[in-house]
Amino acid sequence: MHSPALDVLWFRQTSLLNLLKCFPEPVFTKVEGREAKFAFQSLPEVKDYDRVRFYASRIREFKWIDKSERSVNPVVHSTLLSQCSIVGPLLPKLQSLTIVINDFHKQAIYARLVMSPNLRSICILAGCYDQYGYSLKDEDIPNIIAVLGPCLPFLCKFQLRDVDDENIFTYRRLHTGISLLCRSFRQMEILQIRDINVTQEALTHLASLTALTHLEFSISSDDLSLFASVEPTSDEAFHSIRTLRIHTDKPDGCAHFLSSYSLPHLSDVCIVQWDDGVDWALDTLFKNIPGSCLESLKLWKFRLPPWNDFGQDIDVPPPIPFTPTMLNSVLRNKNLTCLDITFELSVELDDVDLKALSVACPRLKYLSLPDDRLQTEAALTFHGLLAFVQNCKDLETLIIRVNANVIPEVSLTSHFEPSYTLKHLGVCTSPLKSGNTCNVAQTIAFLFPKLEELNVSETYTNGTIHLPYVEICHLKAWKEVIDSLRPLVKSANRFPLHWQL
């Protein structure tokens, strides 16, 4: 029976309980007691599955997140699994599954129960959803392979996540297991295993997957360099990759990898540093940035504030220079929409360089070049911002440090078309004198009439760091600008009390 309404209603489920309630009530019912749980009162017969199969065939996505599942006696799952050889899979047309790693332990009853011959996508969660804080172990991978079994060659998407927070990284060494898992893939299109340190053997097999378009993994820089130093077995290695995200300790291996493979369809690159204690030299990496097809370039670092919880200053790596030479490597990508760098930078660009970026990459929507240096001049000014937003018509987010004391003359702004797309502006530690706050507020209101959020650097707004007197003055000036732009413009900053002189 075809019913579009029922198809939509049952398409996505977060618990088996609703489906189990389709059994006749004398067979499956709630048993009162110390802990009331749903259970079978008698062994289901084949005819008892008629209504269950009617609805089960409509379920395409299943994500175990509903606590109501705990109200079902676990013996029910064992009973259902034992009858699958008679009545067939419980979820015969399931295509996408999200499940926790604990379900692959011991007899893996629940995981085997929800498996489907039509499964094409699976996401396995470990510590992020486990109340006992369970983390991935070496023996987990063989368990996963044993349960998924015949489904592995036909999977198109596989995710294995040990944490549920982009800002937390766990480094795992699962050598034998991960290689065996990767060798089982045949039609994989999207593979995300960022919390597992892959091996060269695993990468060698992944390079041969012709359908692989999205790849996220973790590897040490030395291992990646060693892999890239070996001559590719085929000109088609990683040929279809469009999105590449690598978590590593140093950029050298990524630079070597990008220079060793052509990657003709690569459009999205994200490189994440997992060790905050290592200084990164980005010049070699930028020399090997792919040209022409790149649409998004993200270089992310887990940035630690220059103070601890007790208000004591701690040593932090010096800012990384971002030079015009690095920028020139980006200018080759005419379709670039996102340049997002979260490293602490020392931006050595001027207004001419910023204008060149806008001319070469007019489709930019997101630009983040954070520069939180103190007591230093900024070569960039509002003159450069004028030209930049004039050319980048779709710009939505801009994070950059400028000399806010240099305000464009009316002759330069009279023919300027305001940017109605910019929503978020971050000015880092931009120098601003108190006498210029009114002009700056008026300029921002005119240039960015749809601006929703204006923020300064966290270096300014953390209440425990001791700022030099001149920087306190800059902070107070920006506070005045933000206050004058309210209520149209808000700020995510919480301004400390100690700068009130």
Matching residues, the stretch 131-153, being open to solvent by less than 20 Å² (accessible area, probe 1.4 Å) and either among the polar types (S, T, N, Q) or at pLDDT below 90 (or both): L136, D140, I141
Positions within the stretch 404-426 being open to solvent by 20 Å² or more (accessible area, probe 1.4 Å), in contact (Cβ under 8 Å) with a residue 12 or more places away in the chain and not in a loop (DSSP other than H, G, I, E, B), in sequence order: L412, T413, H424
Please tell me if S292 is outside any helix (DSSP H, G or I) and either out of contact with any Lys or Arg (no Cβ under 9 Å at 6 or more places or on another chain) or among the aromatic types (F, W, Y) (or both). no
So in the stretch 68-100, with the set limited to residues that are among the charged types (D, E, K, R) and open to solvent by 20 Å² or more (accessible area, probe 1.4 Å), which one is modelled with the highest pLDDT? K93
Return the residues of the stretch 365-399 that are in contact with a helix residue (DSSP H, G or I) (Cβ under 7 Å, 6 or more places away or on another chain), among the hydrophobic types (A, V, I, L, M, F, W, C), assigned to a loop (DSSP other than H, G, I, E, B) and open to solvent by less than 50 Å² (accessible area, probe 1.4 Å); say none if nothing qualifies. L380, C392, L395
Output for the stretch 301-327, where each listed residue is of a type in the set (A, V, I, L, M) and either at pLDDT 95 or above or outside any loop (DSSP other than H, G, I, E, B) (or both): I320, M326, L327
Are there strands (runs of 3 or more DSSP E) fully within the stretch 170-279 with at least 1 residues that are open to solvent by 10 Å² or more (accessible area, probe 1.4 Å), in contact with a strand residue (DSSP E or B) (Cβ under 7 Å, 6 or more places away or on another chain) and over 30 Å from T337 (Cα atoms)? List them. none
Could you list, in sequence order, all residues of the stretch 360-400 that are under 16 Å from I341 (Cα atoms) and among the β-branched types (V, I, T)? T397, I399, I400
Scanning for something surrounded by 14 or more Cβ atoms within 10 Å (Cβ to Cβ) and of a type in the set (F, W, Y), does the stretch 427-447 turn up at least one residue? no
Select, from S262, S240, the only residue that is at pLDDT 90 or above, within 18 Å of C293 (Cα to Cα) and among the polar types (S, T, N, Q). S240
Filter the stretch 328-343 down to residues that are touching a helix residue (DSSP H, G or I) at 6+ places or on another chain (Cβ under 7 Å) and at pLDDT 95 or above and give me whichever is surrounded by the most Cβ atoms within 10 Å (Cβ to Cβ). L336
I'm checking my understanding of the structure. Among residues of the stretch 101-116 that are open to solvent by 60 Å² or more (accessible area, probe 1.4 Å) and over 30 Å from the mean Cα position of the chain (by Cα), which one is farthest from V147 (Cα to Cα)? K106
Across the stretch 1-34, what is the total count of residues that are assigned to a loop (DSSP other than H, G, I, E, B), of a type in the set (D, E) and more than 25 Å from S82 (Cα to Cα)? 1
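The values are calculated or read from the model by the stated rules, or taken from the named source; none is laboratory data. All values reported here derive from a predicted model rather than from experimental measurement. So basically every Cβ, Gly included, is an ideal-geometry build from the backbone, and we count neighbours across all protein chains shown. Each accessible area value is taken on the protein alone, full model and side chains, heavy atoms only, with ligands, DNA and RNA left out. Shrake-Rupley method; radii C 1.70, N 1.55, O 1.52, S 1.80 Å.
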